[in-house]
């Protein structure tokens, strides 16, 4: 099932995406709320009701009214929190090699994550960035999960049952801001907090069952053989696979939930797939060819991410009409 959040006349709604059309769930079953946040709070019960509606639409048993005029927004427009992991060893190793530093041994000992701004969630469409963001503006190709039930001190062996669904994530990054502030050994902060893009819909785990594969040796939890690509202005720049995750989402959840509650509506990203950002691609290019021309996102660029089973997430980058700069305020 593909759950989608959308707007009609500035009102948010919850629907299912079936055969290229959006159908409002609340209109089919009045016990299903008309927004994603309320749905996820009781998803253990409501998910079964939504799956039933979805199946009846597909079979033609019910003929709900299709939404005609709408704007698709982030599937989880108001996450309770947003974390991002660091699960792909290939990306971490390449980025460190490009900086001529050794691979950090701790990567293989435990998964890590950071909190980003859950109030700066974007969906498909335009992404407005400030002038300082365009100082090495970057995409990051990732998968994200959404938590569907509350839990604490969850083991990796049971953690997959807490996942309500999967989405594409673009962890937008302003690299100049990020690198400057992380010299102080704190962050990332302003380099990351302006936009995290998720979408185009939330795909429930049952839809990905045919792609499920074994975790890497010594790891616990489900992973999936899902091709991941990113194009900029129609030119493919990144290609990877979710199956290359070294740390599984189950193991990331285990760490996230240690000594604290995870909540319905929490979003957790995988971290960047190998080749999944310009920072890595530029570093590799310069390492192999001193004349390599680095590339960063520019005003008007169209960024499209596609992941098997999860759809295509398309965004157009826009520059805000302002000269305000925090880089210019440095002492």
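Here, each number is a calculation from the coordinates, and none is a lab measurement. It should be emphasised that the depicted structure is a prediction, and the values quoted were computed from it without experimental measurement. Don't worry about glycine lacking a Cβ; one is built from the backbone with ideal geometry, like all the others, and counts go over all protein chains shown.
Fewest first, what order do 242, 103 take by the number of other Cβ atoms within 10 Å?
103, 242
Can you tell me the order of 31-43, 290-302 when each peptide is scored by its average per-residue count of other Cβ atoms within 10 angstrom, highest first?
31-43, 290-302
If you consider only alpha-carbon coordinates, what radius of gyration and Dmax does segment 1-107 have, in Å?
19.7, 61
Based only on other Cβ atoms within 10 Å, what is the fewest-to-most ordering of 114, 23?
Fewest-to-most Cβ neighbours within 10 Å comes out as 114, 23.
Using Cβ counts within 10 Å as a stand-in for footprinting exposure, how do 256, 28 rank, fewest first?
With the sparsest Cβ surroundings first, the list reads 28, 256.
Counting DSSP beta bridges with both partners in the chain, what percentage is antiparallel, nearest 5?
About 85 percent, rounded to the nearest 5.
How tilted is helix 43-59 with respect to the longest principal axis of the chain? Cα atoms for both, answer in degrees (0 to 90, nearest 10).
That works out to roughly 70 degrees.
Using packing as a proxy for protection, rank 104-111, 168-175 so that the peptide with the highest average count of other Cβ atoms within 10 Å comes first.
Result, highest mean Cβ count within 10 Å first: 168-175, 104-111.
Expressed as an acute angle from 0 to 90° and rounded to the nearest 10, what is the orientation of the C-alpha long axis of helix 278-288 relative to the principal long axis of the chain?
Here the helix axis deviates by roughly 40 degrees.
Measure nothing but the geometry: give the 0 to 90° angle between the long axis through the Cα atoms of 89-98 and the longest principal axis through the Cα atoms of the chain, rounded to 10°.
Helix 89-98 sits roughly 20 degrees off the main axis of the chain.
What base-10 log of the normalised intensity I(q)/I(0) is obtained for segment 81-322 from the Debye formula, alpha carbons as equal point scatterers, at q = 0.09, 0.18 Å⁻¹?
Each listed q corresponds, in turn, to -0.35, -1.52.
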